[in-house]
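Structure, as structure tokens:
The values are calculated or read from the model by the stated rules, or taken from the named source; none is laboratory data. All values derive from a computational prediction rather than experimental measurement. Every residue, glycine as well, gets a Cβ built from its backbone with ideal geometry; the counts of neighbours run over all protein chains shown. All accessible areas refer to the heavy atoms of the entire protein, side chains included, with ligands and DNA or RNA removed. Shrake-Rupley method; radii C 1.70, N 1.55, O 1.52, S 1.80 Å.
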Amino acid sequence: MGQAALVAAAEPPLVRVDGFVKRYGRRSAVAGVTLDIRHGEIYGLIGPDGAGKSSLMKAIAGVLSFDAGSVEVFGTSLVSEAAAELVKDRLGFMPQGLGLNLYAELSIEENIDFFARLRLVPAAALAERKERLLAITRLAQFRGRPMKHLSGGMKQKLALVCTLIHEPELIILDEPTTGVDPVSRRDFWLILSEILHERGATALVSTAYMDEASRFHRLALMFDGRVLAEGRPQELRRRVPGVSVQLRAGRQAEALARLSSRFAQVQALGAWIHVFAQDLDAAAADAEIRALLDDIPLDEMSSTEPELEDVFIASLHQKTAAPFADPASGQSFAAVRPAAADGAAIEARDLSRDFGDFRAVDSVSFSVRPGEIFGLLGANGAGKTTCIKMLTGIIPPTGGEGSVGGIDMRRAGRAIKQRIGYVSQAFSLYTDLTVVENVRLFAGIYGLTRRETEDRLAWTIANGGLAGYEDETAGSLPMGLRQRLALGCALVHRPQVLFLDEPTSGVDPVGRRQFWQILFHLSRVEGVAILITTHYMTEAEHCDRLALMYAGRIVADAAPAELKRRVAEEAGGLLEISASPVLPALALLRGSGFTDAALFGEHIHLLAADADAAGARLHQLLSQAGMTVGHIGRRPLSMEDVFVHYVTRLERGEAMQ
Amino acid sequence: MNLARVFTVAQREWREILRDRIYFLLAFLLPVMLMLVFGYGMSQDIENIAFAVVDEDHTPMSRDYAHHFIESRYFSFKGYLPDAGAADRLLARRKLRMVIVIGPRFAEQLRGGRTARIQTLIDGTFTTSTRTIQAYVEAINLAANAEIRAGQLARRLGLPPQRVAALMQPVVLDVRYLYNQEVRSIWAVAPGLIMLILMLVPPLLMALSVVREKETGAIYNVCSSTITRAEYLTGKLLPSVAISCINAVILWLLATLYFGAPFKGSLVFFAVATLLYILCTTALGLLISLLVRTQQAAMIISLVMSIIVSIQFSGLITPVSALAGANYAFAHAFPAMYYNAMVKGAFLKAVGFEVLWPQLLVFVLYASAVFFMCYLLFRKRTRT
């Protein structure tokens, strides 16, 4: 594929976007984007909600008009609706929202047939392609099942099949992986690569996950209607010089404060601290950090090449001159209270919940100590929200019990509700009220006195970085600020237990980091127990402890580093292999016992017990098959690797039974 | 126009309607329910009014008088009661709607040539029916009076009673009600309801089915494909029209068989007129769906439009000729008024093509114009 992309570079690009501008009323969605997509590549658009990805994709698909600039697809400039019609035969478009564009009442097969007939695919070709695609996606045995009864991963694959059934030369996929579990996501990328390779087609794919960057041949980082950086993933990582340093130090909060005074990007990841040392090499970074920490004992420290998210944020700092508000700065960490009391702040014992025949949560047990950040990690539909709803007393459990502060939630009355704060997934703010009005409303609901209210209002404005936005309506705030306001409202009555249900969905990386900074402060300084759910695998690293949820069950529960250590112990370290042609190489490896080998753009990742020996063996294996081996190197395990490992192990165990 | 693509859209739509329980109920149960509810609710005929008699006189004359009521088809006699107290209790429990109390000296007073007083107790909780009952009572009383007086005079003058009756009433009004001989209001209401329901349900179904696609994003499947605008709109229209045609048949059966309304006209004319009317109202729903974004908005706008047009501006309650100025013009801008005339004509007057063909032509033009507007409004490449 790498070669294909290089050869194709000489040809005219398949899609050429120049100075693209899109406005909705007075609001600007995309402000001047220029990019080319070449034949045969998977081109990525990465950015948070509201970055302008969807607008750009819709315009390229010919379903959205634009205000300035030009969009050229297959050499046809999409100047009018009529011009757009000319290219639609050759492209496929999958809109955002997992499987939402499919027809719920229709079966898998009927959905596919509909899309095919809409495109006038001849019956014989349809029959042949349908069988092939159903086989690749392993949906064949479910062909008669109505779409509404499919899991998230299956819906996503069906949507892909429906988009591909007329064999388009260009496919445009708008956030196909959002909210899908990592196992299905890996599956999806492999299927997409195979199909594109087989047919020599090109794909434009958007995602909100930074860690998916390595899946693309080339990509554009988008933010606020602009492209921050564009290029191959490796190039982008190198664009901002510097190293990424992970360290563990005593007096974490204090260490964090000292490092923040020197480095722009410092964040706490559970017990670890992550520093992006811009413009420094590993040795220089090491020296500077040691000097800064001074008397604080340093337990461990290592440096790696920077993550894309570091680069994204650094690029943002460069492009937008104004520095980002640092909500937690100016806070005194002197009053650090050791994670106080014994006993669990939140406890779940064999918690189960059925909806009809469907078991949404299956015997879930865990406990969260005061001052601990506990993460529930899983895909949409894994049972995370149901868990929270049972623990907050919103819905009763079918079995088991959940308690907060030692009190069973089924019997808890108003008293316990005073002790917990809850930020729900969808709705927790009144979007027509201003920032101040929202805080006052929540203060009123919890019966705070006037003095307490003013006190908490000032606290929320200061800690949420909301100064200057006091009289804006909540609905007009950017996602990041809105979530911090929601958090402030949930904290208005000083709860000792905080439940957060996907609070950072759709928030940009900068906003997410600021949000986590506040959470860190709450847990370490104020001793609040925090239970948070997320489907961002990278975000999970912020948690002190993590439970991986899959199909209503907890498949693993430990500190993130411990989870990684266990996987490394069981399955070995992660190897990255660059070989070409990459797809046959992948097939060969999978056939030779490396069943977990996965495709990441032009590279293959796999787990191997004895990394060095395995490296040599892999090299030999691939060379013998006549493939060119670029390099084989070790990579740190990601949370996604951990998740995939546990789930596949679980599935394998079930299959054997 | 590629018929294969039209058929593909229509078939998918049809399958979804049949399998989506809520939509299915909306499509097929709602019209029947409306017909039954409104059929009973709007019918102003009052018959079989439960009543009883308190006869404190116990004479042949008092029984004679009571008999005038007992024989009437409007009243249903429940028996004699011992006293007015029992009557009160039964009226309060709504077992009776009306009670006649004949005083103890009824026969004696009449024989003495004096005026006898009868008390009638009527349940006044429903004003309309109360007035109707009162009118019935007065009419029967009048007839009874005439008979009693004729009897008395006949005896006194020694003439036959018929002769006396003729002398007393020199002019007799002989009314013949045309088209609805028994002036049963359900006969007039049932055809009107077909008009109302076919104005209400088809736009609602149509508007929801398109806006739903906009909400889920399924509309992008259409916009990003090669299907033409006319093909898509036709494909969406067909299943809705088919559902409404099935409903029209059900409604016609309910009107004629269940409510017993007579159907005197041509079935072919009625079928053609109804099909065209459904095309018009469905196209209106399509128009609404292209102007709004959410299902709620589509539902509210289509219901408000349908209710106002079909109740106030169709001739259902007030004849259109009685509307003035702008209201008169407004009524003419919607198909309900024309169809109301057609459906009444077909049911009650046996009027058909020969008289109403201009209205049919209006429908053809109307449906084409609205559909053309939809075609212009629907864009595969939008601004938002």
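Remarks
- Test: residue in region A:501-518 that is part of a strand (DSSP E or B) and buried (at least 22 other Cβ atoms within 10 Å of the Cβ): yes
- Residue within region B:64-81 that is over 37 Å from the mean Cα position of the chain (by Cα) and not hydrophobic (A, V, I, L, M, F, W, C) present: yes
- Entry remark, region A:457-493: residues being modelled with pLDDT under 85, outside any helix (DSSP H, G or I) and surrounded by 19 or more Cβ atoms within 10 Å (Cβ to Cβ) number 3 in total.
- Residue list for region A:185-215, restricted to those being among the polar types (S, T, N, Q) and either closer than 19 Å to A:Val582 by Cβ or surrounded by fewer than 21 Cβ atoms within 10 Å (Cβ to Cβ) (or both): A:Ser193, A:Thr202, A:Ser214
- Looking across region A:64-84 at every residue that is within 12 Å of chain B (Cβ to nearest Cβ) and acidic (Asp, Glu), the one that is surrounded by the fewest Cβ atoms within 10 Å (Cβ to Cβ) is identified as A:Asp67.
- Count of region A:287-318 residues which are assigned to a loop (DSSP other than H, G, I, E, B) and touching a residue at least 40 places away in the same chain (Cβ under 8 Å): 5
- A search for C-beta distances below 6 Å between a residue of region B:3-23 that is farther than 14 Å from A:Ser107 by Cα and outside the structural domain of B:Pro239 (by TED's automatic domain parsing) and any residue that is open to solvent by 30 Å² or more (accessible area, probe 1.4 Å) and outside any helix (DSSP H, G or I), counting only pairs 6+ apart in sequence or on different chains, returns nothing.
- Residue that is nearest to A:Ser55 (Cα to Cα) [pool: residues in region B:222-231 that are at the interface with chain A (Cβ under 9 Å from one of its Cβ atoms) and touching a helix residue (DSSP H, G or I) at 6+ places or on another chain (Cβ under 7 Å)]: B:Ser224
- Filtered by the rule that a residue be part of a helix (DSSP H, G or I) and open to solvent by less than 10 Å² (accessible area, probe 1.4 Å), region A:234-245 gives a lone residue, A:Leu236.
- When A:Ala61 is tested against (1) within 14 Å of chain B (Cβ to nearest Cβ); (2) surrounded by fewer than 24 Cβ atoms within 10 Å (Cβ to Cβ), only condition (2) is not met.
- Filtering B:Ala367, B:Ala331 for residues that are within 22 Å of B:Leu34 (Cβ to Cβ) and among the aliphatic types (A, V, I, L, M) leaves a single hit, B:Ala331.
- Residues that are among the basic types (Lys, Arg) and touching a Ser or Thr at 6+ places or on another chain (Cβ under 9 Å) were ranked within region B:213-267; the one that is modelled with the lowest pLDDT is B:Lys214.
- Verdict on B:Ala350 being more than 30 Å from A:Ala82 (Cβ to Cβ) and away from chain A (no Cβ under 14 Å): yes
- Enumerated helices (runs of 4 or more DSSP H) restricted to region B:267-383, each holding at least 1 residues that are at positive phi: B:325-332
- Sole residue being within 24 Å of the chain's Cα centre (by Cα) and in contact (Cβ under 8 Å) with a residue 12 or more places away in the chain, chosen from A:Ile195, A:Ile191: A:Ile191
- In summary, no strands (runs of 3 or more DSSP E) completely within region A:41-144 bear 3 or more residues that are of a type in the set (S, T, N, Q) and at negative phi.
- Residue ranges of strands (runs of 3 or more DSSP E) in region B:1-115 with at least 2 members surrounded by fewer than 16 Cβ atoms within 10 Å (Cβ to Cβ) and among the β-branched types (Val, Ile, Thr): none
- Residue in region B:117-132 that is free of Cβ contacts under 8 Å to residues at least 60 places away in the same chain and over 36 Å from the mean Cα position of the chain (by Cα) present: yes
- If only residues of region A:125-152 that are among the basic types (Lys, Arg) and surrounded by fewer than 18 Cβ atoms within 10 Å (Cβ to Cβ) are counted, the one that is farthest from the other protein chains (Cβ to nearest Cβ) is A:Arg138.
- Looking only at region A:90-124, and only at residues there that are open to solvent by 30 Å² or more (accessible area, probe 1.4 Å) and among the aliphatic types (A, V, I, L, M), the one that is nearest to the other protein chains (Cβ to nearest Cβ): A:Leu100
- Residue match in region A:580-587 (condition: free of Cβ contacts under 8 Å to residues at least 12 places away in the same chain, surrounded by fewer than 22 Cβ atoms within 10 Å (Cβ to Cβ) and hydrophobic (A, V, I, L, M, F, W, C)): yes
- Residue check for A:Ile554: over 25 Å from A:Ala264 (Cα atoms), open to solvent by less than 10 Å² (accessible area, probe 1.4 Å) and of a type in the set (A, V, I, L, M): no
- The residues of region A:429-456 that are open to solvent by 30 Å² or more (accessible area, probe 1.4 Å) and farther than 22 Å from A:Pro478 by Cα, listed by number, are A:Gly444, A:Ile445, A:Tyr446, A:Gly447, A:Leu448, A:Thr449, A:Arg450, A:Arg451, A:Glu452, A:Glu454, A:Asp455.
- Under the condition of being part of a loop (DSSP other than H, G, I, E, B) and open to solvent by 10 Å² or more (accessible area, probe 1.4 Å), the residues counted in region A:222-233 number 2.
- Qualifying residue in region A:512-520 (condition: over 21 Å from the mean Cα position of the chain (by Cα), free of Cβ contacts under 8 Å to residues at least 60 places away in the same chain and on the phi < 0 side of the Ramachandran plot): no
- Pick from region A:519-535, criterion open to solvent by 10 Å² or more (accessible area, probe 1.4 Å) and in a loop (DSSP other than H, G, I, E, B), ranking: farthest from A:Arg369 (Cα to Cα): A:His535
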